[in-house]
């Protein structure tokens, strides 16, 4: 029996902010979300800056132009959202 590995790229079709959460609708029908308070730049943003989010790179990334912040959809799925704790730990490790 043969098996084929399928690598499907997660693509965002919609991004919005709801009650402090970044909500992302994916092309395959899933919706993912994370609290903006867990990201080092998003946690300091005004509501207007936070809501100004763009879908980039054919749906594989999110960009906040006012904040100079970019996140990949795959990274978000893997839990890499630019957490404040991770940034502090990385800075201390240098």
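Each reported figure results from applying straightforward, stated rules to the coordinates on display, with no laboratory input. Bear in mind that the values here come from a model prediction, so they are computed numbers and not experimental data. In this analysis, Cβ positions are derived from the backbone assuming ideal geometry, glycine residues included, and neighbour counts consider all displayed protein chains.
Tabulated data
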| read-out | value |
| --- | --- |
| Modelled FRET efficiency - R0 22 Å, residue 72 with residue 18, Cβ distances, 0.05 increments | 0.60 |
| Distance (nanometres) between label positions extended 7 Å along Cα→Cβ at residue 2 and residue 60 | 2.7 nm |
| Inter-probe distance in nm under a simple model that places probes 7 Å from Cα toward Cβ, at residue 9 and residue 80 | 1.6 nm |
| 20 Å cut-off, amide nitrogen to a point 7 angstrom out along residue 26 Cα→Cβ, residues in the stretch 44-58 | 54-58 |
| The stretch 12-92: relative contact order in percent, alpha carbon pairs under 8 Å with at least 6 residues between | 24 percent |
